[in-house]
Every structure is written in structure tokens, then in C-alpha cells.
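Have a look at the structure below before the remarks.
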Amino acid sequence: MPAHVSLEDLQQQPHRRDAENSSPTHVLTIAERDNVPHASEFRPAGEHIGHIHHRDNDSREDLENRRNLDVHELGLTRRHGGRRDIIDTLDENAQEVKTLHKSPLVKWRRRYLGVIETSYDDIRESYRIQRTQERENPHRPHFLLEGLFSLFIAKESHEYLIRFLQTNDRLVLFILLDLVVDVCFCIMYLVELQWNLGSSSEISHLKPAWLYVARPPAIFYTCFAFSVYILASLFTKILFADSKRQALLNYRTALDLILCVPFVVLANVPDNGKLIYIPYFFRAIIVISRVKSVLRLHGTWPVLNVDTYTDRLIVLISTIMVLLYVALCAFQYCENRFAPNEESRNISLMQALYFIVITTSTVGYGDISPTSIPGQIVVLVLIMLAISILPGLIARTVETFKLRSAGGGTYQRGSHPFVVIVGLFDNALKVMDVLNAFLHRDPAQQMKIVFLARTPPSLAVKAVLSQSPFQHRVSYLQGSALDVEDMKRVQIQYASAAFIIADRSASDPSVEDDHNTLRAWAFDDYAPLTPLYVYNLLPETESFQEHTTNAAVCVEDLKQMLLGYSCLYRGASSLLLNLLQQTAPMSQYDEPWKAQYGDGCGNEYYSTAVNSAFVGKRFTDVSWYIFHQYQVILFAVKVVIKSRGDYHLMLNPGSSYLLGQFDQCLYIAQRQEDVSAIETLTPSQYERSLRNLQSRASEFRMQPGIVRRGTFTATRVQDCSTAAGFPMIGNGQLRIGTPHPPFSDIKGIVSIQFFFLLSCPPSAFYIISRNMMPMSIFVPVGICLLLRNPMTSPDECLIEDASTMRKHLLVCSNDYALFRLMCTLRSAHLTEDEFKTVLLLCPHLPSREQFRALSEFPDLHIMIGDPRRKADLQRAGIVGAEKVLIVSMHRKNQDADQSQDETFADSAAIMVSHMIHNLFRRTGHRKFVVVELLKRGHIKFLPPTAKRASKKKHRLKDAQRKSVAYQSDAGVDSYLYAPIYASGRVVAASMLDAILFETFYNSAVLDVFRLLCGVRYKHDVDMDKLLGVDPSYLCCVPVPSEYEHQPFSVLYREFALNQGVIPIALLRDTDDPKLGNRLPFVFTNPLPSIILKSSDLVYVLTPVSKKKI
């Protein structure tokens, strides 16, 4: 066993950046990249020397145990105290906060509306208005800004009124009331006709006779009241419609005006005005649209939760009834008014109904026939409408009845784009994940979803697809991706993209991936122009799909990367996963900390071409400018190298990098509108706002370059080209390189064999050893810290007792398939403090292949034991462990029912986390534990969170109280606001499903995620050297003492302009009783005016310091 590398004996080097490039490699200039001349840089002149204080990790864990707060005891409510706490977290001297306080409409809203308090959305919008006016006219008086913000508040109040009217309960009430009024209108007309049959003599003296009816005053005033309601409802709909033009120019508006305005006008006409005939039976036409609106209320009214067949059947019956009713009323009126003889003018309602029914059914006895020309016209129109409308409705209803249980049919594409999703969709939650990824991203785009499933839809899936948001945008077809006819049915050649989703619960992952590879080949053969994205279970499958897919993802690898990075930097998983989710910023909350967390959850990735105003400017200067002006973080750039026909994605290339003409900028932002505003910025606006920004610049408080990643004491490594740009460690025992993955790529073996056949003499004995097979050339593996001499036997790392071990990472697992996890934990960019001893606690020894995959990683130990036994945990040093990772604890029982096995697969991981929690609960110390789950819905079973503790406390305080109202965890996205998830302590594979769908919208998402997880390939290192930039990594640093209790924007300026570091988020601790959080939480892209606390950690993209050897 190699000698143990003692981290305490390694000497910490000063935090400095080596300005000299030790490599003779030619560095491309910006002019060589895209022939753009150099431009002047902007940097304030004043600088103040300071220093940064480092804190011990143990003290931060102690902060989590200071308080056990109950939100209800703090008196923080959604309506009153909670919203006022938002102002307390902001810089009171910030202009946007002052504008918010001074706005008269805000004051009126607080005084009279009460329920609408200040939110972070108000602050951000105030900030946008202020910065927009500075760019357009920096000398505009502040009172105009207040007026503009008052207009925004008026608009927001208008939107609040819309939300008030469009809430589920009120929406159901209004739609049902409209339907009831229309039906009553139709009934009133029948009553009027029946009354008119016996009272025709009352109007016999009025001429012309067809213009007047014997209408009782009670019927007229009842119709008058209905008309007033309908006109008021019509005005409200137009006022709050998203498209007022569309609301005005439609047949329903025309019918409402034509049929209701006469009642309002005739009410003021004296004498016989109330007897003038109005054909308001045509309101029955609107009843059909009312019925369809009611049927769309599936999600809000459980009574209407019907399937598609029942929905179409109701529409068919309603259409037939309306057609008969309108024809009945029209025929009866025409015959009674225009028949040539008196005998034909006394047709009763029953006779008219009898005639219409037998005519529509094509029976036609002939005992009743139209005698007037208008009556004949009515019959002709009736027959034409019946022939043209009813057969189609009946055919679709019958087809739906036949296909609703079989998943058959053919997708009929329209003008809207659609995507095809292939896989096994027997789980309603899996279907909901797919629907949310597409349909909630851009509702205006009306992206349609077509499922090509292997099995018929289950009852749960049917219930999901029958909900109103999905009913007309989702098609479910059963078929095979290998069948050409099935591919024709889903119109795959016309799809915007196709996705092949693997079944995570498959008993044999290799077989599942093999089948998906064949499906990918079949799609590529039938529709080669359709973008194809594949979700795999095994990483080696990607090599078979690289020429047929746009992107292939192994979520298991991504999950292990994320778990490893969560162990390195607390909260990293929540930060990275939230940037993949499509969620709106949170404006309502039941706990104050969720206001900040929810505001951060609204951010996501965006990418656009660089604005011409930024070409030739330093990356960090532009990042600071964009954040200051738009509340958007420029964190990465995609460099297009025209001379080589290549591109390279870089996180924060540093202050030495100048943006090029063909670069693509990557942002973290809340709204697409903010990114679009950056694109439309003109050079004159940029220069004007830049001068204003420079005039208000303050001095820096820290020494330049002090916020840098530390370095290790190192000896020269063998591969200097690979190690360039990384901190080098070890005392001759370690090297920097790429480990050999646990799987083999036959293409790599063949190519290497061919290379040695050409380079070696014929008499040579060809043996390919591990050192001769650089597998990372063919299978992407990141640059890692590795043993110079790998272990050859498990005995070299096997230990019996680690109870005295301190500050190590304890990994509890039932399996040794942890290659990607160890690659992350041994990333080449780690500092001395981050490089921790890893102890694997597993019930059995690794197999030969499993050990071979782990044998190159340094400071790795194995202990045989069961993580579910307390004695084994104590023997593994649970007391001294700095962090604990519970991963791969699920075991498949081949004899048990598969669905039952999947339901309880997380029980072992949950029980281990509870055992660890209980071990330290009475000591007041909470161990930092990261848990991997298979099903994200099981988050609610993890150790008690603040809400669960609150429930228990209320039960203890009031034993007589039988129920307390709490928000349910049953929602699909409820895990997003679970405290344990917000703190980055739980990861489930299903949380990463969105990354494949996000790649469809933004091709850089996969590379961004990989780089943010610290994974860099040798190609990345070579490109960094070519471009002459230092690689940047995501890590955490404490808030410098100079910037405690200062706005975040001041820290951003210091980090970006003076340190070359880009901050992107905060990790807020549990020391603020006003927030009420018992666990830390991530605040992504904080507001510029948010006040920093001494306990905050800042997520930054910082370059790795180089140390010249």
C-alpha cells in the first residue's frame, strides 16, 4: 500500500497568480481568433489594499445548530410580517428601494389593499426601470422614475386583479355562471314562443306582424338582466384579455353585442318597444363554447375529470342539441310568421321539434312540411349543417372510443411544433416531468408532445393526460420505434426533435441501452434530419450513438458528478439543479427564507451572441457592467475559433480575456426579456451608462488577486502538458492525468493496436497494458489527481478500524460502481482544504473490475461493514467524519414484484440517514449528510425538516387540536422547496431528467453542467493553453470581512474588476432568526441591493492559481 499522504504536512502556498506562462505554446490573440482589433479596457483607478479572512469549516457546521426556530413563534405570516422582512434584507440607500418607498401607489396599495405587500419582483422591476432610464437619459429627475415605477405598480395591481379573477374557484364560478345565463336565455325564448301562441291577438294591430311578438314584461326584464350581466362579463374579458384584438374580433363577441344590446336599448323605448322581436335563440350557439370551457376545468373541478372520449361525447351531444334547438326556434318562427295560410301559422313547439328531428334523421314522413320560403331556407340550412358537422364529430368520437384503451391512432400535425418522446411511460410522475419540461417553458409557443410508448396508458397516466392543460397538447400513441408504420403514425420526420428515454427501473441496464441504440439507429435511418436526443443508463453506450444523435446523456454519470461536487461544496446540487428547472420566481411563501430561495429558483441559463458594444472588452468588466445594468450574470463564453473551425466553452475566462466578435455569451437570468435587452444595447447607450458607472465608482478594499484558489506543495509531475493550469500536489506519490474508466471501448482497443502495429518492429511482442491504453481519448474522463503507482490489491486500502479518523468523507454504499464520483472527489483543481480522505463503507469487497476502476485514486480506503448497523458506522469514524455521503444503497430483489421493489428501493438510504441524524440529535451537532434517492418523492421521509418539527411542536403544545393546516407535499414540484433539498443535501436521478430536454433548447447546457461540476477534459486544457486563459471552477468562499453588511453589488464589483472572480450565488446560513430556516439554502443571482452577512458563503467562478515549479 502506498504511503499515506498527510495533508497536514503539505505547505500552503501564498494565494497569487503566476503572470508568466511557462509553456512555449503559442497563445492566440483576439485578432487571430476573429480579426477584431483590440479595444480599450475599463477599470476604475482607485484601489485599496485589504485582506480576506478564512473561516474554519467546523465553525460553519456549528452555526447550523444555534437555533431551533419555529416560524409560527416568530409571528411571520404571509400577509404581514414576512413581506416586510424583505425590505430589511436590502440596502435602504439603494435607489430602487427608495423609489419603492416613495411611490404613492405603493403607499396606497399597502394602506388599502393590505394583502399585496412588497416582493422581490417589485425591487427587481424598480431596478430595471431605473437602469433603463440611466442608459437612455441619465439626467432624468428621480420623481419621473417614481412615476414610472408607480405605473409599474399600477400594472402589477392590474395583474393582481386578473389573478384574483382567474383563481381556480372564481374561474369555475364565472364559467359556470356564463353557461347558466346562456341556458336560461334559451329557456326564456321557449317560454316566449309558447306564450306567443295563445296571445297573438294582442299584437294583431301592430305592423309589420313579423317584427312584433307578444312578450310579457317579466320575460323582457329577465332577459334585460341577463343582457346586462353578459355585457359586463364581455367587458371584463376584453379588459383582462392577453390579446384584446383577438377578444374583440370573434363570433362570440359579435353574438353578445347583437343579441344583448337590443334589450338594453329597447328598455328605454316607450310604447311597443319591448314587444320588438329579438332572435336571441342564437345564444344557443355560444352554449357549445361554454360547454367546452367547462370541460377544460378538469384540474379544478374533480367532477369533470373525464377522459378524452367522454369529453368528445359531451361535445357531440351538446352540438346535436344546439343544432336541433336553433332549427326548432327558427322553423317555428318562420312558419308562424310567413306561412301563406292561417292553418300553417299555428305550429306548436312539439310539432316543430317533431319535424326537425325526423328531417335531421332523414326519415321524413311528410305529415309536416314547410310552407313558407323562409321555413324552407331554414330546412335547407339545417340539412347542410347536419351533413357537414355531425359525421365528423361522430367519427372522431367513435375513433376516440376505439383508441382510448389501445394507445393507437395517428398524430395529426398542425401549424404548431411538436416533439416525439419514446420510452416506457407507465408512471404518471415520469409523464408529468416530460410535460413540465416542455409545456411550462414557453406556453405561448404551444409546443405539442407526442408519446410513442411501449405499453397502453395506465389509469394514472390517463388521468394526467386528461387534465385541461395537457388534453389538447399531448397525444399518447402505443407503438415501436423500430416499426416504420409507427414512425409514420407519429410523423417523426416532421418533428422538431425526438427523445429516447431509458427506463431507469430496467432489470438489465445493458439490454435497455442496446434496445435504445437500435431505436436511435432506426430513427436516424427513417428521419435523418430530425434532431435526436438519447437518455442512456450506462456511459459506454454513448460510443455507439455518437454519429446518430445530437446528444446522448448518461444521467448516472451526471448524478455521481453532482453528488461528488455536493460533498466538496455545500449546496452545489441545489444551485446546479435549480438552474435546470423551469420555474417562475416565487412571489408568495409561507416561510420568509423561501422568498429569497424562490427568487433564486427563477433563474436559468440563456445564451446569445456577444453584443458588438462589448467586442474587445475584458470579460470581467463586461460581466460587472451587465450585472449592474440588467441583474444578469455573464458567467461563461463560447469561443468560436474561425481559423481552426473549432469552439471552446469557458467558465469565467478571466480579466485577461477580451470578448471576440463571434463569441457566444452565457448568462444566468430570470427573464428572457433581460437577455434580449442586452442584445439590443447600442454603443451610445453603453458609453453613456459606462461614464455614469465610472463616476460613481468607489475604491477597492482588497488587494488584487487575493481571492484565488490555493495551491499544494508539489514536485514535478510526469505529464507537464496535462498538469498545466492545475495546482500540483503530492510528495512524489501523485500525478495529474486521466484515470482509466471501468468500461472498455472496442474502437479504442482497435485503434491502439493498429498504432502499435505501425510503430513497433515486426519481431516485437504486442502486449497492451493499462499504461499503454489512454482510454480517455475515446471515453471522456476528466483530469484527476491520481496515484503515480496504482494499487494492485484491495489489501493495500483495506482497514479494520477508522474510529480515530478525522475530517474524512465517509461514503456509505452497497456497491463500488463509484468511478465518476471518485473522479469528482479527486478533480485536479482541488485545494489542500478540499482534498479529503475518502472511506468507503460497504458490506462486501469490490470485484476485480470494480477495484481496478478505483485503484488509481489516492487517499482512498475501504472498510467492510453494513452502513445500516450503528456499530459499523462508529467503526468507520462517523463521529470524526466531516461529511457523509449515502449513495447506491438500493438493492433489487429479483423475486419481488418490480413495482413494489421500486416503491421501497430508497428505504435503506432513508433509514441510514435517520440513524445518523439520531446519533447526533441529542448532542446538538448536525452532521452534514448528502443522500442519493431513486424517487424524489421520498424526500419527505428524510430526517425532520423545519416543517415536520413544527408539526410535532404544535401537537405537543395543543393535544386537543386534531389538525393543523400545512402545505401538502403531494405536488409534483414540492421537493423544490423542501429545506433539505434547498440546502443541497439530497439528489435523485429524476431531478436530472430535465438536462436532456434543456439541451434541445440550449446545446451548451451539457457542457456547462459538466464544467460547473469541475470536470475538464484534456481537450479543454489544450484549448485553454491555446487561448492563453486560466481555467475557472465553481467553489465557495466566505464573504470578506471588508464587505460584511454591504450590498451584493459592491462585492460583485470587487470580485469581478479587482479579483477576476465571478460570483453567481449565495449560501445563506441559519443564523438569521427572521428567515426562520433550520438548514442553509441557496440564493442564486441575488439582488444587487441584498445585504451580505458574515455567515454567507459565496459561490464563485475563480481561476486556478498557477505555481511555477
**Message:** Among the residues that make up the range 336-350, is at least one of them in the same structural domain as Y212 (by TED's automatic domain parsing) and among the aromatic types (F, W, Y)?
**Reply:** yes
**Asked** Given (1) within 25 Å of the chain's Cα centre (by Cα); (2) in the same structural domain as L424 (by TED's automatic domain parsing); (3) closer than 17 Å to T999 by Cβ, where does L537 come up short, assuming only one miss?
**Response** (3)
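Tally the residues that are assigned to a loop (DSSP other than H, G, I, E, B) and either under 16 Å from M561 (Cα atoms) or in contact with a helix residue (DSSP H, G or I) (Cβ under 8 Å, 6 or more places away or on another chain) (or both), restricting the search to the range 816-836.
So in the range 816-836, the residues assigned to a loop (DSSP other than H, G, I, E, B) come out as 816-818, 826, 828-836.
Now drop any that are not either under 16 Å from M561 (Cα atoms) or in contact with a helix residue (DSSP H, G or I) (Cβ under 8 Å, 6 or more places away or on another chain) (or both), which leaves 816-818, 826, 828-830, 832-836.
The qualifying residues number 12.
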**Asked** For A437, all conditions in the list (1) farther than 26 Å from P509 by Cβ; (2) outside any loop (DSSP other than H, G, I, E, B); (3) at pLDDT below 80 hold save one; what is the number of the exception?
**Response** (1)
**Prompt:** Which condition number in (1) hydroxyl-bearing (S, T, Y); (2) more than 23 Å from the chain's Cα centre (by Cα); (3) buried (at least 20 other Cβ atoms within 10 Å of the Cβ) is the one that S1041 fails?
**Reply:** (3)
**Message:** Considering only residues that are among the polar types (S, T, N, Q) and part of a helix (DSSP H, G or I), which ones fall in the range 351-379?
**Reply:** Q351, T359, T360, Q376
**Item:** Selection from the range 457-487 of residues that are outside any helix (DSSP H, G or I), more than 21 Å from P417 (Cβ to Cβ) and charged (D, E, K, R)
**Value:** D483
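Residue by residue, here is whether (1) modelled with pLDDT of 90 or more; (2) within 17 Å of L452 (Cβ to Cβ) holds:
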site: F499; (1), (2): yes, yes
site: A506; (1), (2): no, no
site: D514; (1), (2): yes, no
site: R519; (1), (2): yes, yes
site: L532; (1), (2): yes, yes
site: F544; (1), (2): no, no
site: V555; (1), (2): no, no
**Request:** Exactly one condition in (1) surrounded by 21 or more Cβ atoms within 10 Å (Cβ to Cβ); (2) more than 28 Å from Q1059 (Cβ to Cβ) is not met by S655; state its number.
**Result:** (2)
**Asked** Restricting the search to the range 605-620, which residues are under 23 Å from the mean Cα position of the chain (by Cα) and of a type in the set (F, W, Y)?
**Response** Y605, Y606
**Complete set of residues in the range 778-813 that are farther than 20 Å from E834 by Cα and either assigned to a strand (DSSP E or B) or assigned by TED's automatic domain parsing to the domain that holds Y1033 (or both)** = L798
**Asked** How do the pairs read when you match residues in the range 864-875 that are closer than 17 Å to S888 by Cβ with residues anywhere that are among the basic types (K, R) and in a helix (DSSP H, G or I), using Cβ under 8 Å and keeping only pairs 6 or more apart or on different chains?
**Response** G865/R875
**Message:** Just the residues that are touching a helix residue (DSSP H, G or I) at 6+ places or on another chain (Cβ under 6 Å), crowded, with 20+ Cβ neighbours inside 10 Å and within 21 Å of L1006 (Cα to Cα), please, taken from the range 595-612.
**Reply:** C601, Y606
**Request:** Could you check S623 against (1) over 18 Å from the mean Cα position of the chain (by Cα); (2) of a type in the set (S, T, N, Q); (3) surrounded by fewer than 24 Cβ atoms within 10 Å (Cβ to Cβ) and say which number it fails?
**Result:** (3)
**Asked** Do any residues in the range 978-992 that are part of a loop (DSSP other than H, G, I, E, B) have Cβ atoms under 7 Å from those of residues that are at pLDDT below 85, where the two are at least six apart or on different chains, and which pairs are they?
**Response** A978/T945
**Request:** Please enumerate the residues belonging to the range 229-258 that are in contact (Cβ under 8 Å) with a residue 40 or more places away in the chain and touching a helix residue (DSSP H, G or I) at 6+ places or on another chain (Cβ under 7 Å).
**Result:** Y229, I230, S233, F240
**Asked** Of all residues in the range 905-926 being surrounded by 15 or more Cβ atoms within 10 Å (Cβ to Cβ) and touching a residue at least 60 places away in the same chain (Cβ under 8 Å), which is nearest to A817 (Cα to Cα)?
**Response** A908
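The values are calculated or read from the model by the stated rules, or taken from the named source; none is laboratory data. Bear in mind that the values here come from a model prediction, so they are computed numbers and not experimental data. Counting neighbours? That spans all protein chains shown, and the Cβs are built from the backbone with ideal geometry, glycine included.
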